[in-house]
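Working notes, structure below.
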Amino acid sequence: MPMVVGVRFENAGKLYYFNPGTLWPAAGEAVIVETARGVEYAEVVMGVCEVPEQQIAAPLKDVLRIATQGDARQHELNQEKERTAFEVCQKKIEEHNLEMKLVDVEYTFDNTKLIAYFTANGRVDFRSLVKDLAAIFKIRIELKQIGVRDEAKMIGGLGPCGRPLCCAQFLGDFQPVSIKMAKEQNLSLNPTKISGICGRLMCCLKYEQDFYEQMRKKMPRIGREVITPDGRGTVLENNVLKETVRVRNFSRTETGDINDYALADIQRVTAAPPVKKPPAAEEKPEAPESEKPRDDMETPLDKS
């Protein structure tokens, strides 16, 4: 397995692998790496280690050097220039009356390219905007359209839980989330309660999904008959977090008594094996017509 080092270009960005070469950067240090879009400043989050080849996107780029104090100052200067560039780009978008929302602007470390990220409902013709920006900044301009999830990740904020957004804090990649997860977790299907500030389903629905799927296999289905310490009953509800089953038990009262039982105390009613019928008695073959006794036959006289 090849030796690699894992770096991130943003606080909660995707993890990328690079070839450390003869260098040995430790986690927390800054490095200068070569990427497809140029030389970049990155932070080491995973020290030198071995990683399976199937997890590496070829070709593996090199770590050029461990960042110096001069590199750190250059990175801070680029961040200050990005604030000014954002205002200029926003002003030019308004002048061109483009239906697009500017999200973020960033320089490459070597100041050879300016990348602007935006959101829009459809395709936007920004060719004239790129010409104006290139004339102002005198470098290559690149505009990238991103989705609402990426917008929330870049901007940050507080989620419905009151905590900082997961995507802006620690999530490297977005995991697929579906409405089926909300149903399996017995959550309200009200869009305002299961959606994040980006308007999409909350990423945290994925966190406990594996646990719910495992518990669903262990717990009896609603409506099935089970055996409880108080006798037989019908399953009304399952509580996955408490690992309890609510059962209507008919052995106590006529109308039924509803109780909660621990999953360990519940036994499923298995289908009884089919009863084997005893083999049919062998029937004697019917005597021929000539051998059957007839009522009209004479009874021989007793000669004794």
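The values are calculated or read from the model by the stated rules, or taken from the named source; none is laboratory data. Values in this document were obtained by computation on a predicted structure and should not be read as measured data. Don't worry about glycine lacking a Cβ; one is built from the backbone with ideal geometry, like all the others, and counts go over all protein chains shown. In case anyone asks, the SASA skips ligands and DNA or RNA and just uses the protein heavy atoms, side chains included. Shrake-Rupley method; radii C 1.70, N 1.55, O 1.52, S 1.80 Å.
Determine which single condition residue 226 fails, assuming it passes every other condition in (1) in contact with a strand residue (DSSP E or B) (Cβ under 7 Å, 6 or more places away or on another chain); (2) under 30 Å from residue 96 (Cβ atoms); (3) surrounded by 15 or more Cβ atoms within 10 Å (Cβ to Cβ); (4) not charged (D, E, K, R).
For residue 226, the exception is condition (2).
Restricting attention to segment 223-267, which residues are at pLDDT below 85 and among the charged types (D, E, K, R)?
The answer is 230, 252, 254, 257.
Please count how many residues of segment 160-187 are of a type in the set (Gly, Ala, Ser), touching a helix residue (DSSP H, G or I) at 6+ places or on another chain (Cβ under 7 Å) and under 26 Å from residue 239 (Cα atoms).
If we filter segment 160-187 for residues that are of a type in the set (Gly, Ala, Ser), which is where we start, we get 162, 168, 172, 178, 182.
Now drop any that are not touching a helix residue (DSSP H, G or I) at 6+ places or on another chain (Cβ under 7 Å), which leaves 168, 182.
Those still in the list that are under 26 Å from residue 239 (Cα atoms) too: 182.
Of the residues in segment 160-187, 1 are of a type in the set (Gly, Ala, Ser), touching a helix residue (DSSP H, G or I) at 6+ places or on another chain (Cβ under 7 Å) and under 26 Å from residue 239 (Cα atoms).
Looking at the structure I just gave you, is residue 51 at pLDDT 85 or above and either β-branched (Val, Ile, Thr) or under 17 Å from residue 172 (Cα atoms) (or both)? Before you say what the answer is, go through the steps one by one.
Numbers: at pLDDT 85 or above: no; either β-branched (Val, Ile, Thr) or under 17 Å from residue 172 (Cα atoms) (or both): yes.
The answer is no for residue 51.
Give 167, 161 a once-over and let me know the one that is farther than 16 Å from residue 88 by Cα, open to solvent by 30 Å² or more (accessible area, probe 1.4 Å) and not basic (Lys, Arg).
Details: 167 fails: open to solvent by 30 Å² or more (accessible area, probe 1.4 Å).
Every option except 161 fails the conditions.
Tell me the residue from 134, 85 that is touching an Asp or Glu at 6+ places or on another chain (Cβ under 9 Å), of a type in the set (Gly, Ala, Ser) and surrounded by 12 or more Cβ atoms within 10 Å (Cβ to Cβ), please.
Details: 134 fails: touching an Asp or Glu at 6+ places or on another chain (Cβ under 9 Å).
From the options 134, 85, the qualifying one is 85.
Just the residues that are closer than 15 Å to residue 102 by Cβ and either touching a His at 6+ places or on another chain (Cβ under 7 Å) or surrounded by fewer than 13 Cβ atoms within 10 Å (Cβ to Cβ) (or both), please, taken from segment 119-131. Walk me through how you get there before you give the answer.
Of the residues in segment 119-131, the ones closer than 15 Å to residue 102 by Cβ are 119-121, 124, 126, 129-130.
Across segment 119-131, the qualifying residues are 121, 129.
Can you find even one residue in segment 243-251 that is open to solvent by less than 60 Å² (accessible area, probe 1.4 Å), part of a loop (DSSP other than H, G, I, E, B) and out of contact with any His (no Cβ under 9 Å at 6 or more places or on another chain)? It would help to see each step written out before you state the result.
Pass one, segment 243-251, residues open to solvent by less than 60 Å² (accessible area, probe 1.4 Å): 244-245, 247, 249.
Applying the additional criterion that residues be part of a loop (DSSP other than H, G, I, E, B) yields none.
So far as segment 243-251 goes, no, none of its residues is open to solvent by less than 60 Å² (accessible area, probe 1.4 Å), part of a loop (DSSP other than H, G, I, E, B) and out of contact with any His (no Cβ under 9 Å at 6 or more places or on another chain).
From the list 115, 93, which residue is over 34 Å from the mean Cα position of the chain (by Cα) and over 29 Å from residue 22 (Cα atoms)? It would help to see each step written out before you state the result.
Working: 115 fails: over 34 Å from the mean Cα position of the chain (by Cα).
Unique residue meeting the criteria: 93.
With 188, 195 as the choices, which residue is farther than 20 Å from residue 105 by Cβ and either at pLDDT 90 or above or among the aromatic types (Phe, Trp, Tyr) (or both)?
Step by step, each of 188, 195 is checked, and only 195 is farther than 20 Å from residue 105 by Cβ and either at pLDDT 90 or above or among the aromatic types (Phe, Trp, Tyr) (or both).
Please determine, by comparing only the residues of segment 63-78 that are in contact with a strand residue (DSSP E or B) (Cβ under 8 Å, 6 or more places away or on another chain), more than 17 Å from residue 10 (Cβ to Cβ) and hydrophobic (A, V, I, L, M, F, W, C), which one is least open to solvent (accessible area, probe 1.4 Å).
Result: 63.
Considering only segment 189-211, state which residues are without any contact (Cβ under 8 Å) to a residue 24 or more places away in the chain, touching a helix residue (DSSP H, G or I) at 6+ places or on another chain (Cβ under 7 Å) and open to solvent by 40 Å² or more (accessible area, probe 1.4 Å).
Matches in segment 189-211: 189 only.
Could you list, in sequence order, all residues of segment 137-153 that are buried (at least 17 other Cβ atoms within 10 Å of the Cβ) and farther than 15 Å from residue 204 by Cβ?
137, 141, 143, 150, 151 - these are the residues of segment 137-153 that are buried (at least 17 other Cβ atoms within 10 Å of the Cβ) and farther than 15 Å from residue 204 by Cβ.
So which residues in segment 5-45 are buried (at least 17 other Cβ atoms within 10 Å of the Cβ), touching a Leu at 6+ places or on another chain (Cβ under 7 Å) and either more than 28 Å from residue 140 (Cβ to Cβ) or without any contact (Cβ under 8 Å) to a residue 12 or more places away in the chain (or both)?
Hit for segment 5-45 is 6, nothing else.
Does residue 95 satisfy the condition of being open to solvent by 80 Å² or more (accessible area, probe 1.4 Å), in contact (Cβ under 8 Å) with a residue 40 or more places away in the chain and not hydrophobic (A, V, I, L, M, F, W, C)? Explain how you work it out, then say what you get.
Details: open to solvent by 80 Å² or more (accessible area, probe 1.4 Å): yes; in contact (Cβ under 8 Å) with a residue 40 or more places away in the chain: no; not hydrophobic (A, V, I, L, M, F, W, C): yes.
So residue 95 does not fit the description; no.
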